[in-house]
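Everything on this sheet refers to the single structure shown next.
The values are calculated or read from the model by the stated rules, or taken from the named source; none is laboratory data. On a predicted model such as this, the values are computed, not experimentally measured, just so you know. Cβ atoms come from the backbone with ideal geometry, glycine included; neighbour counts cover every protein chain shown.
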Amino acid sequence: MKRSSVIRRAVLAAAAVALVATGCTAQAAGPGGGGGTSKAPVTSAPAPSSTSPSSSAPAPAPSGSASGGSDAKPSSPAPTSSAKVLMKDGDENEQVRELQARLRQLDYFDRAPTGFYGSITAKGVSGFQKKRGLPATGSVDETTWQRLLGMTKKPTADELKPSTTNKLDTPDARCMKGRVLCISKESRTLAWMIDGQVVSSMDVRFGSENTPTREGTFAVGWKAKEWTSTIYHTPMPYAMFFSGGQAVHYSADFAARGYNGASHGCVNVRDKAKLSALFDQVKVGDKVVVHW
């Protein structure tokens, strides 16, 4: 009886170890990490030893040492600042436009305000912060904003939405070869480029949040000097279609209201003379790149 009991115990112990290993493997393989409580794939953890706690005996509570169990708090550096971020990369609103206008007064933003917080705005904010001994995060917190308000005046309507031509953005890498309509959402410009050289440029306007202009690499599918939208029934002179119903075209509304309005997804141009000359140069099949 004694020998039989010893054998039975050995068999049960081996089965228990096999079940634990199988359960861990299933968690790692399941969707989203399987069981959800493990912090790392099981394949990187040591295999259970014969001294591993059984399912019937609760494991001891983890200690505060670095070698604590999987429930131990992960060590992470304490945050350096609890300042609330007011504006950051990716934001698009009128406060960002005011930020850009104020930065421009101090020569930290060298183009017309667009209302979009991109890499150019972040670089300007970072430069302003460094000069004032503030953490150069590139994002605007309350301290940065108040310091900027104290050093600038309230922007005029012309400073917020100037009629001058926007400064070109650095061309996207996809624009450097061949014949390309290189369109930047950040600087709100269109550059007609041939083999990396800018032939002409102009201000542009894009779709609203509800009808956004698609980003990516396209080609001019067809052109129409005179065209009326079959959906919105509005004129689209000098239309160059590149993505379904989206096209580069002249907009009388853009010419009259500027950035107070938006398109239904097309790339609007307000300088009719420039676009007319561009229309004559662009061929069906030429590349179109729309980027931030």
> Where residues in the stretch 130-144 are out of contact with any strand residue (DSSP E or B) (no Cβ under 9 Å at 6 or more places or on another chain) and assigned to a helix (DSSP H, G or I), which of them is surrounded by the most Cβ atoms within 10 Å (Cβ to Cβ)?
Replying inline: Thr143
>> Looking for something closer than 13 Å to Leu181 by Cα, out of contact with any helix residue (DSSP H, G or I) (no Cβ under 8 Å at 6 or more places or on another chain), free of Cβ contacts under 8 Å to residues at least 24 places away in the same chain and not in a loop (DSSP other than H, G, I, E, B) - is there at least one such residue anywhere in the stretch 278-285?
In response: no
> Looking at the stretch 86-124, which of its residues are small (Gly, Ala, Ser) and either crowded, with 16+ Cβ neighbours inside 10 Å or at pLDDT 95 or above (or both)?
Replying inline: Ala101, Ala112, Gly115, Gly118, Ala122, Gly124
>> If the requirement is being surrounded by fewer than 17 Cβ atoms within 10 Å (Cβ to Cβ), assigned to a loop (DSSP other than H, G, I, E, B) and outside the structural domain of Asn93 (by TED's automatic domain parsing), which of these qualifies: Lys167, Lys154?
In response: Lys167
> Has the stretch 211-227 got at least one residue that is farther than 23 Å from Ala112 by Cα, of a type in the set (A, V, I, L, M) and in contact (Cβ under 8 Å) with a residue 60 or more places away in the chain?
Replying inline: yes
